[in-house]
1. Can you give me the pair-distance distribution of segment 202-247, C-alpha pairs, 10 Å bins, whole percents?
2. Just order 315-321, 180-186, 328-334, 157-163 by mean Cβ neighbour count inside 10 Å, highest at the front, would you?
3. Can you tally the net charge around L320? Count Lys and Arg as +1, Asp and Glu as -1, for every other residue whose Cβ sits under 11 Å from the Cβ of L320.
4. From the phi of every residue in segment 243-259, what ³J(HN,Hα) in whole Hz does the Karplus formula 6.51 cos²θ - 1.76 cosθ + 1.60 yield, where θ is phi - 60° and glycine or proline is x?
5. How much of K343 can a 1.4 Å solvent probe reach, expressed as accessible area in Å² and rounded to 10?
6. With a 1.4 Å probe and all protein chains kept in place, how much accessible area does I191 have, in Å² rounded to the nearest 10?
7. In what order, largest first, do L313, L299 sit by accessible area if the probe radius is 1.4 Å?
8. Search the structure for amide H atoms under 5 Å from the amide H of Y87, placed 1.01 Å from N in the peptide plane, and list their residues when 5 or more places away or on another chain.
Amino acid sequence: LSFSLPIASPAMAMLSTLAFAVATLSTSAAAGGLLRVPISKLHVQKVDGQSRGAQIMLGAAAQLGMAPHTAPTTQDVLSKNQYNSAYYGEIDVGTPGQPVTVIFDTGSSDLWVAVARGAHGKGLYFDGDSSTTHHSLHEPFHIRYGSGDVSGMFCEDTVAVGQLMLPNLTFALVSNTSGINGWDGSPYNGILGLGFDSIAKSSGQTLMSALVASGQLERPVFGFYLGDNSPGELVFGGVDPAHVASDFTWVNVTLPTWWAVGLDSIKLGDVLTLSATHMAIVDSGSSLLAGPKREVDTLMAMMGAEVIQGHCLVSCAARLPDLAFNFGGKAFALSMEDLVIQKMGGFCMLGIQAIDIGMPLWILGDVFMRKYYVQFDWGQKRLGFALAASGNNL
């Protein structure tokens, strides 16, 4: 079974909290065996023409302690993208299924959903008492994200992503979401981790591991297309060729923990080459590009950018050289247009942030994944990168 999920992508906001718009969710069959489930995307609230918010840092940020039997088919979940803020989609939990919106996060491995106590007044949350297949495990759950902490208890229940159904999947019911910045105004109700089992907090199978073991997937892969101010899509069991504009470059995962690849170098046009950092994590749960402070500061200086309260600002009139990440024998370049996530008067905010975690690495978040379609090959522990087709109207 190959399954496509429309999704939304996390993007960076400006000063305090994120506000989110929720779009109507629907499910429709599409040609070629794809089942498309439309979903929505976070957007930044603007006050007096200025955006306010905090970038989303999930996945790798959580683990690294960053601060700041049916026939195989294809399942397709669509996501509506508003203002390039955060990508999320809908799953069903329990029996009968209760709809829950989740951020699809390749940088973490656990699934958790909020219950009434952790919903903080949100209309949608999971009620285990209303599920005939619910089983409490009485095991505590806690995870720390770059955007805040959540905690609760593990349980088992049925989880369905489109037509892909997993009975007795272990996941967490979260009752404390107070540490997540902007939670009260967000449209999502949980996180669905798509990382490897080795970094999961749960002792049970992760969702992707369970899908592969169930035999429901045509191939043990999933593919991300993050729309640029347009809907996005997550495909389980294959990829959607309509969103791929080049051949895939395959790169082996360095360790079966995060979706990490060996990084050869970073180049800013012909003026600067950085080669001190040798690992990059592809993380759909992070809004931006994030790297060691020394390297980010060097890049910003060469770009003529100012770093104000952690935000990298450059004149919109500047003509910047491409920023390229080199791995797998290929340069994956990002233009200034790709890097700019917000314009404020004559200044452009770049989707780059400095991080200090004690180990040198870069995180390639949604800024990178909007430019490049990424195929996550769970079976062969490798990543495929291709230029994403633009202008598709999902």
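The values are calculated or read from the model by the stated rules, or taken from the named source; none is laboratory data. Since the model is a prediction, treat every value here as computed from it, not as a measurement. With ideal geometry, Cβ positions are generated from the backbone for all residues, glycine too; neighbour counts draw on all protein chains shown. The protein model used for the area step is the full one, side chains on, heavy atoms only, and it has no ligands, DNA or RNA in it. Shrake-Rupley method; radii C 1.70, N 1.55, O 1.52, S 1.80 Å.
1. 24, 42, 27, 7
2. By packing density, highest mean first, the sequence is 157-163, 180-186, 328-334, 315-321.
3. Values: positive: R319; negative: D322, E337, D338.
In short, -2.
4. Per residue, the Karplus-derived 3J(HN,Hα) values read 9, 10, 10, 7, 5, 7, 9, 9, 9, 5, 6, 6, 9, x, 10, 8, 7 Hz.
5. Roughly 150 Å² of K343 is accessible to a 1.4 Å probe.
6. Its heavy atoms expose roughly 0 Å² to the probe.
7. Details: L313 25, L299 0 Å².
Putting L313, L299 in descending order of accessible area: L313, L299.
8. A8, S9, L42
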